[in-house]
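Worksheet: the structure to be examined is printed underneath.
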Amino acid sequence: MSDMGEMFRDWDEIKKQEKESRRINYQELLIANEIPFVIKNGGAHLILTIQGERVDFWPGTNRAKHNDRYFYGALNWILKRNKCEEFYR
């Protein structure tokens, strides 16, 4: 059983590293695309302002909330929404 426990501990560590990597990389992408944001909870939660509207974004899980609607795989949605202002008005 110790081999299984060790495997799961390794898996948890890999997932933590992936989340931390996404937090850093997604913040850099937001800065590059000139999307203003406020960092909350050490980077686990970002509050974005897109077209004057608030979007809550969790980069570790790539999830966002806008107008009580959740988006998964949200980074693409955020970037498209930022670029296509006339489409979303």
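The values are calculated or read from the model by the stated rules, or taken from the named source; none is laboratory data. A quick note: this is a predicted structure, and the numbers were derived from the prediction, not measured. Cβ: placed from backbone, ideal geometry, glycine included. Neighbour counts: every protein chain shown.
Couple of notes before you dig in:
- Residues (farther than 18 Å from A32 by Cβ, among the aromatic types (F, W, Y) and either surrounded by fewer than 17 Cβ atoms within 10 Å (Cβ to Cβ) or out of contact with any Leu (no Cβ under 8 Å at 6 or more places or on another chain) (or both)) located in segment 45-82: Y70, F71, Y72
- Residues of segment 26-45 that turn out to be in a helix (DSSP H, G or I), polar (S, T, N, Q) and touching a residue at least 24 places away in the same chain (Cβ under 8 Å), as a count: 1
Yes or no, residue by residue, for (1) part of a helix (DSSP H, G or I); (2) among the β-branched types (V, I, T); (3) at pLDDT 95 or above:
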| position | (1), (2), (3) |
| --- | --- |
| W11 | yes, no, no |
| S21 | yes, no, no |
| G60 | no, no, no |
| A64 | no, no, yes |
| L75 | yes, no, no |
| K80 | yes, no, no |
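- All of (1) outside any strand (DSSP E or B); (2) modelled with pLDDT of 90 or more hold for L48 with one exception: (1).
- Of all residues in segment 9-38, those being basic (K, R) and in contact with a helix residue (DSSP H, G or I) (Cβ under 8 Å, 6 or more places away or on another chain) number 1.
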